[in-house]
Each structure stands twice: as C-alpha cells, then as structure tokens.
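Structure incoming, see below.
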Amino acid sequence: MAARQPTTPRHSSASLLAGVLPGFLLAALQFHAPLLAHAQEQPPPWLLCGPAPVSGNYTENSTYQANINLISASLPKNTSSNPVLYARGSVGSVPDMVYAHALCRGDANASACESCVAGAFQGAQQGCPLFKDVVAFYDLCQLRFSNRNFFLDTDNFITTYYLMGSPVAASTPAETFDAAVRLLVNATANYAARNSSRRFGTGEVGLGDGSQTRIYALVQCTPDTTPDVCWAYLAPIVNPVPQSFSGVDGGGVFGVWCSFRYEIYPFFSGRPLLQLPAFVGTPSPAPVPALPPAETSQDKSRNTTTGTVLAILVPSIAALLGITMVCCWIRRRSVARPFQPCSISADDIQGADMLLLDLSTLRVATDDFAESKMLGRGGFGMVYKGVLSDGQEIAVKRLCQSSRQGIGELKSELVLVAKLHHKNLVRLIGVCLQEHEKILVYEYMPNRSLDTILFDSERNKELDWGKRFNIITGIAKGLQYLHEDSQLKVVHRDLKASNVLLDLDFAPKISDFGLAKIFGGDQSKYVTHRVAGTYGYMAPEYAMRGLYSSKSDVFSFGVLVLEIVTGRRNSGLYNSDQDVDLLSLVWEHWARGNVVELIDPSLSDHHHHPPIEQMLKCLHIGLLCVQRKPSARPMMSCVNVMLCSSTVRLPSLSRPALCIQELEQELVSASENSSSAYADSAQRQGGGASAAAGCTAESSVTIVSGNDDASITKAIPR
C-alpha cells in the first residue's frame, strides 16, 4: 500500500517547517505506519503507482504520454550533467502538462546516474502502466512524474516508501544495536543537512566489546533545500528509528524530498564521509548488595563525617585523573599519529559539487590520451584536449600515478573550485578516480593563458585595447566575487598572467586555486610560515612577513593591469637581467609626466584614436593597487566602480611598493641578521629567502617558488 503523509508546504519558512512538520510527520509515522508502503527484503525498484490523492490515468498514444516521452528524453542527461545530480522540469500545457524530477544518489557517477534515470522512466511506465502520477525508487536514483505541480507541494503531502529488513542476529544485543542505529542515522542526517552542499551524507559505526558487526547509513535530501528545511524533513523520519525499526538489521524511509537507509553491509560506494567511534552499549546493572547491619548513633555520626570528606575528595581526585588522562591522550595522538599517505580518492570529494566521470568516457574523449591531443606537460602530469560525446570541449589533466608532491594543494583546489561559480572563474567540470587514476576535467580555454599572447611580439596584436580593457574588468569582477560576494571569502594568493585563461572571445577566467585560502567569519588577514607564490606579483608584506589578505590579491591585480597596458612583463625572478622592474619604471614615467611612452606600441591604431584617457586611468588604478601600505590599496568593489565610472575621481598616488631590487636587499639583510641555527635550518629546507629583520626562527618565512607548481585549472602546467 502507498499513502502520502501530510506535512506543511515544502517552500514555507524554516521555522514553520521546524515547528509543524516534525510533530505531524512523527505522529503519522508512529500511528499510521501500516499505511506506508512496505518492502520486506524486497530488492529495488520500489514503485508507488498513483499515490493519493489519485490523479487518474491517461490513455495510450495520448498527449500526456507524448509529454512523458519528451521529458524522459532530456531529464536523464540533465540530471547526470548537474554537479549535484539533480534536475527537474515540465513539458506541455494543462491539462496534459507533465512535471518531473530526478535525483541520483550522491555516490553515483555520471554514466550510472543517466542510465538509472532513463531506466526509471521505462520501469515506471511498465510497472505502473497508464498512471499519471508515479514515484520510482531505484538503488542509485529516484524519479517522480505527475500531472500536478508537486514542486510547490500545495496539497501538503509527501509520498513515502518504507523498507524493512530482517531481525538482527541472536548474538547481537537488540538494545545495543538499536541505540547504535539511532546514533548513526541521526549523526549522518545532521551531516547531510548541515555539512554538505549536496545534502548528502554517509556514515559508519561499529559495535564495541569485540563485536564484528558494523552498521552503515546513507541520508540524502534534494540539493535545492536549505539546511534548515532539509533537517526539518529528516528529523521526523530519523527520530522514531528505534521504535519503527527495533531489532531490524536494515531499513529505510524513502521520500520525494528526503530519504535515509541503514544496513549491516556497505551498500554505497567509497569510504563513509562520517566514521563514528565504536559504540559501546550501557552495561547491565550491578547486582543489589546485601543490606548492612543496623547502625548506632555513634556510627552514624562517624559515617556522616567520613561521607563529607569523601564527597569532597572523590570528585577532586576523579577530576585530576580525568584531566591527566585527557592530556596524555592528546599528547599520545600528537606524537604517535601514524603517517597518512598523500592520495586522492573518491571520498575526498564526496562533499564537493562536481561530476564523477568514467575513465572510459575520458579515454574516448582524448583518443586514449593520444600524444596529438596533448596541450602541455608538467611535473605532476599531462594536460590533454578532449571532446565529450555531446560535443563539449574539455581540458583533461592526468596526474602522474607516482606523483605525491602537491596533492594537498590539488585537493584544496579541487574542493574549492567546485564551490565557486562565476563567469570569470574557470569552471571545474568533473573528476575521475578510477583504476588508480587521478584525472581532473575542466572547461577548455581555446586561447590558453594571457601570458602566452600578451608577451608574444607577434600574437599580442590580437589583443586590441577593447579586449584588454574587458580582460582587466573581467579579472576585477572575478576577484570581487572571491573577496566580497561569494559565500566563501577567498584569497587567491597566486594571481598572475599565466593564471588568467582566455576563452574563444578572449573573456578572462581566473584559474589555479591550489594556493588559495578561505577566510572565515570576521577574519580579514592571516600570517603564514610558508609563503608560496610568484615573485613580481607578491605583495611585500606577504613576501617578507607572510602576512596575506585580500589586499595581497589587489597588489597582484595592480601588477597585472600595468602588464596589460604596457605589454611588458614585470621582473619577478632573482638575478634578472632587467635592471628596473615594471612598478618602478611606470612610477618614474608617471612622476615625470611621460607615462604615455610606456603604453604597448601594438595598441597604436593609425585609423582610430586610441582611448588614451582610459589607458591612463587603468595605469592610475594599477599604481593605486600596488601601494606599499595595504590600507592604501582599494577594495576590488571600489576598483570596479573606478573602472566603469567616468565621474569618479581617483585618489592621489604615492610611490608604489618596494621594487624587486629593494625587496631582495631587505630579504638578504634579514637572512644575514638571523641566527646561525635558523640559517642552518633554512639551508636544510632548501635555502629559500626568509623573514624580515628582527624575526625569530619561530616566525620565519620560507619563500617557495611557484614556477613548477601543479595546477588543475590551467591548460598548461606552470
């Protein structure tokens, strides 16, 4: 049997859901459980044909059937191509309009998702012939199509399917098992609702006391729900688990908007996202001791005094012992923590909104990684151009299987880029981690990186002033999104010409987030003991003291603007043949009033007057962004206003930050003044320049060259 449990409208406020929905659904589950669809050890698919209120049937070869066929042709692909594996849509017009949505399980890959949704459409029509409203729960996906707009839930119903397993083994205490299930399911539900942007979570717990039993759970909501709404839907179905599934080794509740399932075997792919410590049940109560002999008044007085002393001493001793044990445990963990190998697995990206791609798909797209498809080669792997079956061009970075260096940076970039969405940030399409491969797929950028054109004496003519100005404004908008507009406040830390990719229309996209850092709450700056980046683009406070903030990126942006307008590369390496760096050169010409001489000669147009005023404004903004004091540099939102407005008056300028030669001298001076012990340590670590004058060994900075770092978001490894 199938019945729909009453609830509040799905898109109502979270407070209303939290207040009304849990109590109503809890009562429905406890008192009307027999009305739910049940499955005793029945394998999927599980179909609900015409859930109440009954919508009726359609006829063969009708318009409604044609609309089902239309939406079944597009929804599987739309679902599998969405990073969160969820899609919905509608086809036709009333009264023959078909509404449908599909959700794939969070551990499914793209091809399995598409196949599952397509199979669900076929199975739903075969298993529920001519029903207008059908819900299908498959192992890897769920589907619903209906003649009414259930997206809004205006009828206040949720369709639910109830799965019941077998009784637990006699050797397993039922009470302990039920308590462990409740703990695991609730913890996994909380993880899915609160800690996953995909509203998906998996968990595992083992029973203690030498038991080999392990319990696995999976919880999922549709990704379009907010954390509060997701939890409001989950709470009523996971809280009554001990009563509804008492003594049962597996089960679940499957709903249109949320589901959970638990088993005593791993029924999902990958390592669980949540691993709880072994669950130990409450010990049996101790036997009641025999009654003591009657006490005299003297005994009572003495016992009272003794009891008072004990009441004070026992808790004090217990507290001291507890503190000592905790300290020893922490110390032991910090000292004896085993080595964790650096690797990427599917579990590392479970929480990221990206697509899991099949290795076979990428082999076909790249002609089995043919050398003719190779775009570039780096220390961590090769980058290939590929074409997917739908014609989409992709860049495929295949990391060397033996490579271990840089994996931490690649992991952070992998998760970070998947959570950032802006037209001026490179888009990560997916990842493949099959057969020990580590393959990253992102959108293909036909014009490669900015530096390959800007600093090429032949190709730089392709970048007229209109394109260059659009590149400047595009980078500025992308940085404003990172610093101010996205949910994650991100500092890139390695913005440079080679990390700006250009699409077919020369629109810029910021790439390479391997060194990026996220700021939380009111945090606005951070000090690191490991400075990593590229000389010539690093702000002096970052290069010398390890202090970085959003103003560090503003400095890098200023350098980029000066490079784009002049067509000259800033000298950013030691022992450079260039005597004067670009910042000093532009400032000297600006102070003398002849900065126009530095504008890239390739921008000269004998047919049209170049917009000199706009070029000078960009040079002014570039110098403003490379001021020595971070507080003197503008925020990126202000930069965008300056670029786009013709009425805003630009602030006056002072001499820009340290030129490269001065920075080298200060770093060398700092190195000479540092202790010999630290000098030996720095030499053992690679001899990087470090620490401003007066810094101790504990606050030193190691500067790491960025020329050979790995990048997953650029077509050619740097």
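Measure of size requested: the Rg and Dmax of segment 135-226, with Cα atoms as the atom set and Å as the unit; please supply both.
Cα only, segment 135-226: 16.8, 54 Å (Rg, Dmax).
Here is a follow-up. When each pair of different Cα atoms in segment 109-156 is counted once in the 1/r mean, what is the Kirkwood radius in angstroms, to one decimal?
11.6 Å
Label N78 and V596 with points 7 Å out from Cα along Cα→Cβ: what is the distance between them in nm?
5.6 nm
Here's something else I'd like to know. Provide the FRET efficiency to the nearest 0.05 for the E613-E484 pair, computing r from the beta carbons and using R0 = 41 Å.
Once rounded, the FRET efficiency stands at 0.90.
Of the listed peptides 214-220, 162-168, what is their order by residue-averaged count of other C-beta atoms within 10 Å, with the highest listed first?
In descending order of packing, they fall as 214-220, 162-168.
Here is a further query. Please state the Cα pair-distance histogram of segment 42-157 with 10 angstrom bins from zero: what percent is in each bin?
15, 49, 32, 4
Something else: Extension gain S62-S115, at 0.36 nm per residue separation less the Cα-Cα distance, in nm?
16.5 nm is the gain from fully extending S62 to S115.
If you take the beta carbon distance between S90 and V387 as r and set R0 to 30 Å, what does 1/(1 + (r/R0)^6) give as a FRET efficiency, to the nearest 0.05?
0.45
What is the order of S81, S55, S511, S652, fewest Cβ neighbours within 10 Å to most?
Least crowded to most crowded, the residues run S652, S55, S81, S511.
Which order results if Y542, Y64 are arranged by neighbouring Cβ count within 10 Å, fewest first?
Y64, Y542
How would K397, K423, K517 line up from fewest to most surrounding beta-carbon atoms within 10 angstrom?
Placing the least packed residue first, the sequence is K423, K517, K397.
For a protection proxy built on the mean count of beta-carbon atoms within 10 angstrom, sort 257-265, 121-129, 174-182 highest first, please.
Result, highest mean Cβ count within 10 Å first: 257-265, 174-182, 121-129.
Could you list the residues of segment 180-210 with an amide nitrogen less than 19 Å from a label point located 7 Å from the Cα of I518 in the Cα-to-C-beta direction?
190-202
Coordinate-derived values only; no laboratory data. The model shown is predicted, which means the values in this text are computed figures rather than measured ones. We place every Cβ from the backbone using ideal geometry, glycine too, and count neighbours over all the protein chains shown.
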